[in-house]
Amino acid sequence: MSDEKVPTDDGTQDEQAAMRASDTDREQVAEILRDAAGDGRLTLEEVSERVESALRARTVGELARLTRDLPVSPVPAGSREQPGRGRDVVEIDQRWGTLHRSGAWEVPRHLDVRMHGGDVKLDFTEAEFSHARLDLDVQISVGGNLVLVVRPGIVVHTDDLSVGVGDVKYRNPASDAQAPVEREVYVTGRLKGGDVVVRHPRRTLGRWLRGEDAKNAGEEKS
């Protein structure tokens, strides 16, 4: 593999692409490549060559180049609505970098998240839902992390999420167990690296100074 820099949109992404790859990163990419061969996207010769390169890669940028022409490797960070579908379907494509949605943002009916490294945080505590249900389809690989911050009354279902490499961490304070269900988020797709974390907001400084109980405030660390 050459040491050329991966084209990026900003210095932060460039720095992340230059980070040293771990053995786990290499194995995750090798798994992605083998899956692509099983789907008929790569020939046996191509997958053999790429897996060998993945196992010898030194940086996460080198690993990214090996999967950039595969569906698990999204285009540069951003989000877009599908033409003609309005706010019903929104896609988020994230490579390295970070993307946060917070405040009074509009939640679509269906949200597609494609991640290849980096972090995506969707904060639903003040979000505006126009539907009772959100279908969230995710494809996460090579160290990508998805954090869902929810308020009491928003229930997240992850049973249909296929987990290859990584963890799903659902932190739901017992004090909210009896809260009436207002909205439901159904997470589907595949996790090939990194984590999906569902948590409630952390306490604000004001709450901490007033001595409010962390559990009642819905605080959980990711």
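The values are calculated or read from the model by the stated rules, or taken from the named source; none is laboratory data. Since this is a predicted model, take the numbers as computed values, not measurements. With ideal geometry, Cβ positions are generated from the backbone for all residues, glycine too; neighbour counts draw on all protein chains shown. Remember, those area values only see protein heavy atoms, side chains included, never the ligands or the DNA or RNA. Shrake-Rupley method; radii C 1.70, N 1.55, O 1.52, S 1.80 Å.
Table: residues versus (1) open to solvent by 60 Å² or more (accessible area, probe 1.4 Å); (2) at pLDDT 85 or above.
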{"residue": "F129", "(1), (2)": "no, yes"}
{"residue": "A132", "(1), (2)": "yes, yes"}
{"residue": "G143", "(1), (2)": "no, no"}
{"residue": "G164", "(1), (2)": "no, no"}
{"residue": "P173", "(1), (2)": "no, no"}
{"residue": "G194", "(1), (2)": "no, no"}
- Note on the structure: Within the range 106-149, the count of residues that are more than 25 Å from R68 (Cβ to Cβ) and of a type in the set (S, T, N, Q) comes to 2
- Task: Check off (1) open to solvent by less than 10 Å² (accessible area, probe 1.4 Å); (2) over 20 Å from L70 (Cα atoms) for Q94 and give me the number that stays unchecked.
- Result: (2)
